[in-house]
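Okay, so here's the structure we're looking at.
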Amino acid sequence: MTPQTDPAERFRRLIRDTGPVPVARWMGESNALYYASRDPLGAPGDFVTAPEISQMFGELVGLWCTDLWRRAGSPVPIRYVELGPGRGTLAADALRAMARHGLVPEVHFVEGSPALAALQRQAVPQARVHGHLADLDGSAPMLLVANEFLDALPVRQLVRTAEGWREVVVTLDDRQDFTFAAGAQPMDAALPAERADAPVGTVIETCPAAAALIAEVAQGLCRSGGAALLVDYGHLDARTGSTLQAVRAHRRVDPLAHPGAADLTAHVDFAALAQLARRLGIGAVHATTQGVFLESLGIGARARALSAAAPARAEAIAADRRRLAHPEAMGTLFKVMALVAPGWPVPAGFQEELAA
Ligand code: SAH
């Protein structure tokens, strides 16, 4: 890699020339480079996602969509929209399950990475791939799905210092290594009044890109009908503290060590997104853990059916179910949130609405 193309060198030069960069810019530019150039999923890559663990995940999402669509009166045309579909595995499994039950939607993907868009076209040839959600017109109701998409969007961090609130930035230390610091600019006006009075050292993370996206989704649902199913590592209550993390070759690494070559994520603040969706007219916001969602949609029955068809794989199938749904694996860390358009039915898989 030449100094011009090495992302670390580019960030170093940028910081020397124009000053420290906000964490949001570091994360946004690192991830854009990271996803543009590679397929990060699966055993030889950097991380594994639920649909890559087992077909059961996508199939149950497909059944969730079909059930909701039927109870909404089976409107046609209807769209399956997926944000950041990775290799297209979730969509392929979900669409197969939908077709088996009479739902054959138009398929639209929103994907920023040319490398992954190419894989998605192979997995789901009928999909139309868009760069942005706004590229879709609102002419039909949508069943929108996003798994591990929101956690890749850049977060902004604010830290309470003795002098007041500052943005967290990335700068260079004496040895020219990247390090976090508090920016020079006062940021007190960016804090909601009720959060402004936190102790020195408190970090508050927000994700303006996720908020902008959820606003678009909520407006689209209110205009055209449908529902959105958002699955991610995150929390259902308001929190403080940095959740920025980096993964490379299935290991946690320093988020400043490999810009453009490690997957940077942050926990999704579902509470903030739910509040925003409600403000924009989404009456019903449902949320639960991935484990509760998959178990109540019948992952147990699906695992038994798959095992009966392939007895030699029974142990592997049981292990996959455990990994997806058990509280000590992905079952509790991952949350599922559904936003439902006004007039659409209560979705399956949730015990109750998220309290406002
Ligand atoms: N949903 C897939 C992949 C998750 S990885 C799965 O569960 O396996 C994150 C996905 O979001 C990738 O497809 C990545 O290219 C895409 N992505 C990340 N940031 C994006 C952005 N800002 N705009 C569009 N797509 C983005």
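The values are calculated or read from the model by the stated rules, or taken from the named source; none is laboratory data. Just so it is clear, the model here is predicted, and its values are computed rather than measured. Virtual Cβ from ideal backbone geometry, glycine too; neighbours counted across all protein chains shown.
For the reader, a short list of remarks on this structure follows.
- Checking residue 52 against (1) within 16 Å of the ligand (Cβ to nearest atom); (2) surrounded by fewer than 21 Cβ atoms within 10 Å (Cβ to Cβ); (3) in a loop (DSSP other than H, G, I, E, B), the condition it does not meet: (3)
- Among the residues of the stretch 155-168, those identified as of a type outside the set (S, T, N, Q) and touching a helix residue (DSSP H, G or I) at 6+ places or on another chain (Cβ under 7 Å) are 155, 156, 158, 164, 165, 168.
- In the set (1) more than 14 Å from the ligand (Cβ to nearest atom); (2) among the hydrophobic types (A, V, I, L, M, F, W, C); (3) touching a helix residue (DSSP H, G or I) at 6+ places or on another chain (Cβ under 7 Å), the condition left unmet by residue 76 is number (3).
- Every condition in (1) surrounded by 15 or more Cβ atoms within 10 Å (Cβ to Cβ); (2) polar (S, T, N, Q); (3) in contact (Cβ under 8 Å) with a residue 60 or more places away in the chain is met by residue 37 except one, and the failing one is (1).
- Taken as a whole, the condition of being of a type in the set (A, V, I, L, M), within 22 Å of residue 28 (Cα to Cα) and surrounded by fewer than 21 Cβ atoms within 10 Å (Cβ to Cβ) applies to residue 190.
- Candidates 175, 166, 252, 223, filtered to the one that is over 17 Å from residue 31 (Cα atoms), assigned to a strand (DSSP E or B), charged (D, E, K, R) and modelled with pLDDT of 95 or more: 166
- Pick from the stretch 199-213, criterion of a type in the set (A, V, I, L, M, F, W, C) and over 14 Å from the mean Cα position of the chain (by Cα), ranking: surrounded by the most Cβ atoms within 10 Å (Cβ to Cβ): 204
- Selection of the stretch 85-114 for residues being in a helix (DSSP H, G or I), more than 8 Å from the ligand (Cβ to nearest atom) and under 19 Å from the mean Cα position of the chain (by Cα) yields 91, 92, 93, 94, 114.
- When we screen 57, 47 for residues that are among the aromatic types (Phe, Trp, Tyr), in contact with a Pro (Cβ under 6 Å, 6 or more places away or on another chain) and within 13 Å of the ligand (Cβ to nearest atom), the only hit is 57.
Condition check ((1) aliphatic (A, V, I, L, M); (2) surrounded by fewer than 23 Cβ atoms within 10 Å (Cβ to Cβ)) across all residues:
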| position | (1), (2) |
| --- | --- |
| 62 | no, no |
| 78 | yes, yes |
| 89 | no, no |
| 114 | no, yes |
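- Qualifying residue in the stretch 8-27 (condition: closer than 30 Å to residue 124 by Cα, touching a residue at least 60 places away in the same chain (Cβ under 8 Å) and not assigned by TED's automatic domain parsing to the domain that holds residue 84): yes
- Total residues in the stretch 1-29 satisfying the condition of being surrounded by 14 or more Cβ atoms within 10 Å (Cβ to Cβ) and under 20 Å from residue 158 (Cβ atoms): the figure is 11.
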